[in-house]
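Readers should treat all values here as calculations from the given coordinates under stated rules, not as data from a laboratory. Bear in mind the structure is a predicted one, so any value in this text is a computation, not a measurement. Because the Cβ atoms are built from the backbone with ideal geometry, glycine has one as well, and the counts that use them run over all protein chains shown.
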Amino acid sequence: MKIAMVGSGYVGLVSGACFADFGHEVVCIDKDTSKIDRLRDGVMPIYEPGLEALVASNVKAGRLSFTTDLAEGIAGAHAVFIAVGTPSRRGDGHADLSFVHAVAREVGESLANDAVVVTKSTVPVGTGDDVERFIAETGCKHRVSVVSNPEFLREGAAIGDFKRPDRIVIGAEDDFGREVMREIYRPLFLNESPILFVSRRSAELIKYAANAFLATKITFINEMADLCEKVGANVQDVSRGIGMDNRIGPKFLHAGPGYGGSCFPKDTLALLKTAEDYDSPVRIVEAVVKTNDSRKRAMGRKVIDALGGPEVARGKKVALLGLTFKPNTDDMRDSPAIAIAQALADAGVEVAGYDPEGMEQAAPLMPEVAMCDSPYAAIEGADAVAIVTEWDAFRALDLARVRELANAPVLVDLRNIYQAGDLREAGFTYHSIGRP
Ligand SMILES: NC(=O)c1ccc[n+]([C@@H]2O[C@H](COP(=O)([O-])OP(=O)(O)OC[C@H]3O[C@@H](n4cnc5c(N)ncnc54)[C@H](O)[C@@H]3O)[C@@H](O)[C@H]2O)c1
C-alpha cells in the first residue's frame, strides 16, 4: 500500500517508519523544512530509542521518503494519515484543530485519486465530520472515506508499542475505509493484535476516554501516596496490593510528581471541554485535572521543606535531575520539572538542572535553571538533590561522589527509585513519595 503521513513529529515519524517496516511505501510530509532536511540527512529531529536505525534501514530499502510538498507526497496514496499536533487552544483549553483543518483543506485541494483520509491526531468527537466537510468544500471529485485511527503509542517505547499494540482502533463509516485500513494493518493483525472496528465518533472518544482513565489512575495513586505519608503506610506496598487484583492491574500505579507530557494534560482538558459543550459533565476528570495541576507545584514545596522550609531555602541551591516528563524522550511538554523549577525559583532557590536528552528543549522553557552537562556538575554545591525523572542514569548514582560534591546530603526522590534504608546508610537525609 502507498501511505502518506502528514506531520512527521513523534507520532507521524514513528508511525511512518513502522508502516514502511511492514513493507508499505511511505512518504512522510512536514511543513517544517528544517525537520525534513534533517531527516533526509539521516538526522532524527526527536529522540526516540531505535528510531534512527529503523528510519535508515527503510530509507535504504526505498520504502520511506520525506518531503515538504504535500501534493507530491500524497500523489497515488491509498491512505493519507493526518498526524499533526492538536495542542490546547490558548485561553480556553479546547483542542486547537487549526492544523488538522488546514491539512484537510490542503488534502482536498491536492488529491488526485480516491483515498482514505485517516485522522491519527488525537481529536475531539465530531472532527472526522469536519474533515469530511472541509474536503468536500474544496470541490474534490475523488472518492474519499474519512476514518479515525487514534494512536496509543508511548514516547520512549514508541516503536514497540506501534508494532505490538494492545489493540488497533478503527472508526470507519463505510467498507472502503474499513478495507483499506484492514490491509494497512494486516501485518499486525496476523501477529494477533486485535483490530476493533467501531463508528468514527466512538473511535474519537475512545482515545480521550483511555487517556483520561490512565490520568485518573495516576492521580488516584498520587493521592493515596499523600495519605500514606500522613498515616505511616507505604504507597509501593499499597500499589502492589491493589495492582495484583486483575480488575485493577499493576500499571500506572506509580506515585510521582504528577502526570505531564504531550498528551494527558491537553487531552484531559479537551475532554472536559467536549463534556461541557454537550452538557454532560465528567466530574471525575475535572477533579483529576485540578488535583494534578496543584500537585506539580506542591512538589516544589516538598523540596523547599527538605531544605528546611521557605525561610531557610532562600539563597540555597537545588540540583534537579531529570527534566523531561518521563525517561527515554526529549519531550518537555508540560513536564512537572517546569512547575517544580518555577516554584523553587519563586522561593529564591537557585536551580541547576541536568537531563540526558532533554536539555535542548528544556533550556528555553526553564530560563531560571542553570543547565549543566552532567548530573555531578549540577550536584556540585547543591543543598538538596531532587530526582524528578526516573532516567536509568540516576538509578545508580555514585553516592559517595554525590555526598562529596553536594553542600548537604539531602536527596528528594520524587520517583521512588531508591530504597530509604540504602540512602540513610550512605549518610543521606532521604525524602520520597508516600513511603515512611
Ligand atoms: N506524542 C505522543 O506520544 C502521542 C501519542 C498518541 C497520540 N498523539 C497525538 O498525535 C498528534 C501529533 O502529536 P506529536 O506529538 O507527533 O506532535 P508533534 O508536534 O511532534 O508533530 C506534529 C508535526 O506536524 C507538523 N505539521 C503541522 N502542520 C502541518 C501541515 N499543515 N502540514 C504538514 N505538517 C504539519 C509539524 O511541523 C510537526 O512536525 C497529536 O494530536 C497528539 O495528541 C501523540
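Numbers below:
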{"quantity": "Gain upon complete extension [SER294, GLU183; 0.36 nm per residue less C-alpha separation]", "calculated": "35.4 nm"}
{"quantity": "The chain: angle of helix 336-346 to the longest principal axis, Cα-based, in degrees nearest 10", "calculated": "40 degrees"}
{"quantity": "Inter-centroid distance (Cα atoms) of the stretch 59-130 relative to the stretch 359-436, Å", "calculated": "42 Å"}
{"quantity": "Angle between the chain longest axis and helix 264-277 axis [Cα atoms, degrees, rounded to 10]", "calculated": "60 degrees"}
{"quantity": "Long-range HN-HN contacts of VAL169 with modeled amide H, under 5 Å", "calculated": "LEU196"}
{"quantity": "Viscosity 1.306 mPa s, temperature 10 °C, Stokes-Einstein D of the chain from Kirkwood C-alpha radius, µm²/s", "calculated": "69 µm²/s"}
{"quantity": "On Cα atoms only, tilt of 98-110 relative to the major axis of the chain in degrees", "calculated": "20 degrees"}
{"quantity": "Placed amide H near VAL26: partners under 5 Å, 5+ positions off or other chain", "calculated": "ILE3, LEU64, SER65"}
{"quantity": "Label-point separation, VAL312 to MET244 (7 Å along Cα→Cβ), nm", "calculated": "3.9 nm"}
{"quantity": "Per-residue [θ]222 nm for the chain (sum of -39500 (n - 2.57) over DSSP H runs n ≥ 4, rounded to 500)", "calculated": "-13500 deg cm²/dmol"}
{"quantity": "Overall Cα dimensions of the stretch 169-291, principal axis frame, Å, largest first", "calculated": "59, 38, 24"}
{"quantity": "Rg and Dmax [Cα atoms of the stretch 1-157; Å; Rg one decimal, Dmax integer]", "calculated": "15.0, 46"}
{"quantity": "Placed amide H near GLU151: partners under 5 Å, 5+ positions off or other chain", "calculated": "none"}
{"quantity": "For the stretch 117-238, alpha-carbon Rg and Dmax in angstrom", "calculated": "19.1, 68"}
{"quantity": "Nearest-0.05 FRET efficiency for VAL198 and THR68, computed from C-beta distance (R0 35 Å)", "calculated": "0.55"}
{"quantity": "Inter-site label distance for ARG154 and ALA102 at 7 Å from Cα along Cβ, in nm", "calculated": "3.2 nm"}
{"quantity": "Sites GLU109 and GLU425, calculated FRET efficiency, Cβ-Cβ separation with R0 56 Å, nearest 0.05", "calculated": "0.25"}
{"quantity": "When each of LYS266/LYS316; LYS217/LYS302; LYS251/LYS273 is checked by Cα-Cα distance, pairs over 25 Å", "calculated": "LYS266/LYS316; LYS251/LYS273"}
